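Note sheet for the following structure.
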Amino acid sequence: MTDKAWFSETLHDGIRFSFEADTVLYEQKTEHQHLALIENQIFGKVLMLDGVTQVTSADEFIYHEMMSHVPILAHGAAKNVLIVGGGDCGLAEEVLKHKSVDKLVQVEIDPAVVDFSKEHFADFNETVFDDSRFELVIDDGMKFVAETDRRFDVVIVDSTDPIGPGGILFTKEFYAAVRNCLTPGGVLVTQNGVPFLQKDELEQSCRFFAELYNDSSAYVICVPTYIGGHMSLGWATDNAALRKTDVATIAERFDVADIETRYYTPDVHVAAFALPKYILDAVDAGIASAQR
Ligand code: SAM
């Protein structure tokens, strides 16, 4: 046995996933949430907000590459991108790798997460803060999308789970406000949890998407820290063709973008939309309930 501290993920009832902390680098109650940063021998630095794992330096590339490159390369001409949440700025780093993106606005509710990540996750977000295309807005994502008159080709919701301040980012009201700030044919991608453990969350988002957008679906990724199998990323747009963009087109765009990745490939991009049956069932159930 070791006398090192253990930090447990408190998100799911009935199971517990814990990280042994080689070092507790930081612990703070911010105005919005409880923030802890620990160092773990396998995952490197682990950021937890209100007891829920947000990002780790070892596997952040999976989540951030797939949340950014899939919608941007499927869209094919994204100039203006909005990130809601994403305080660790790892997603911003991936978006800004696209030289074709003119402007990235990020709306994050908690400045402490950004300041803190700037200091502790420089290995993956250092390039963001000096990029003149990056604009950080400290505000509630709901309030921003409801009030802005700016328009975006791609909106990515890199939120906490639907508890605490992130709850509003899973509502129909929020998805409707996002729709109003998308350019025609623009695409919304959302963090939608691990369907094996959070099926209702995906089903409900798909229902709201289907009530508001022409095309509603999800795609999947595997992130070791988000336990329970595939994680789903929600997909909503009025342009149903985007999800079906063929692999040759995606590969050509990826070549032009000239981006190095560790998880994303054009084949993985296309394959990610092939949903395991129990996940497809949740998506379909959500869409069906919108049609009732
Ligand atoms: N990858 C993560 C996950 O799925 O666990 C999400 C990481 S990211 C750090 C989530 C961010 O969303 C946090 O920085 C949090 O402060 C922010 N957030 C939560 N609710 C928000 C809201 N209503 N508006 C804007 N940002 C919000």
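The values are calculated or read from the model by the stated rules, or taken from the named source; none is laboratory data. Quick caveat: nothing in here was measured; it's all calculated off a predicted structure. Every residue, glycine among them, receives a Cβ derived from its backbone with ideal geometry; neighbour counts consider all protein chains shown. What goes into the accessible areas is simple: the full protein's heavy atoms, side chains included, and nothing from ligands, DNA or RNA. Shrake-Rupley method; radii C 1.70, N 1.55, O 1.52, S 1.80 Å.
Worth a mention:
- Pairs linking a residue in the range 220-248 that is closer than 18 Å to residue 287 by Cα and at pLDDT 95 or above to a residue that is assigned to a loop (DSSP other than H, G, I, E, B) and within 12 Å of the ligand (Cβ to nearest atom), with Cβ atoms under 8 Å and 6 or more positions apart or on different chains, are 232/192; 232/193; 232/194; 233/192; 234/192.
- Of the numbered criteria (1) more than 8 Å from the ligand (Cβ to nearest atom); (2) modelled with pLDDT of 95 or more; (3) more than 24 Å from residue 271 (Cβ to Cβ), the one residue 97 fails is (3).
- Residue satisfying all of: in the range 134-169; away from the ligand (no atom under 11 Å from the Cβ) and of a type in the set (Phe, Trp, Tyr); farthest from residue 53 (Cα to Cα) among these: 152
Residue-wise test of (1) touching a Phe, Trp or Tyr at 6+ places or on another chain (Cβ under 7 Å); (2) open to solvent by 10 Å² or more (accessible area, probe 1.4 Å).
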| site | (1), (2) |
| --- | --- |
| 102 | no, yes |
| 105 | no, no |
| 111 | no, yes |
| 118 | yes, yes |
| 122 | no, yes |
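- Inside the range 83-100, residues that are assigned to a loop (DSSP other than H, G, I, E, B) and open to solvent by less than 10 Å² (accessible area, probe 1.4 Å) make up a count of 4.
- Residue in the range 180-189 that is more than 16 Å from the ligand (Cβ to nearest atom), farther than 15 Å from residue 287 by Cβ and of a type in the set (A, V, I, L, M, F, W, C) present: yes
- Residue under evaluation residue 77, criteria (1) open to solvent by 40 Å² or more (accessible area, probe 1.4 Å); (2) modelled with pLDDT of 95 or more; (3) touching a helix residue (DSSP H, G or I) at 6+ places or on another chain (Cβ under 9 Å), criterion not met: (3)
- Only one entry of 126, 211, 119, 203 meets the criterion of being more than 16 Å from the ligand (Cβ to nearest atom) and at pLDDT below 95, and that entry is 126.
- Just so you know, in the range 20-71 the residues that are part of a helix (DSSP H, G or I) and more than 10 Å from the ligand (Cβ to nearest atom) include one that is most open to solvent (accessible area, probe 1.4 Å), and it is 61.
- Scan of the range 264-284 for residues that are open to solvent by less than 60 Å² (accessible area, probe 1.4 Å) and part of a loop (DSSP other than H, G, I, E, B), ordered by number: 264, 265, 272, 273, 275, 276
- Residue in the range 208-217 that is buried (at least 20 other Cβ atoms within 10 Å of the Cβ) and closer than 22 Å to residue 62 by Cβ present: yes
- Any chance residue 177 is open to solvent by 50 Å² or more (accessible area, probe 1.4 Å) and in contact (Cβ under 8 Å) with a residue 24 or more places away in the chain: no
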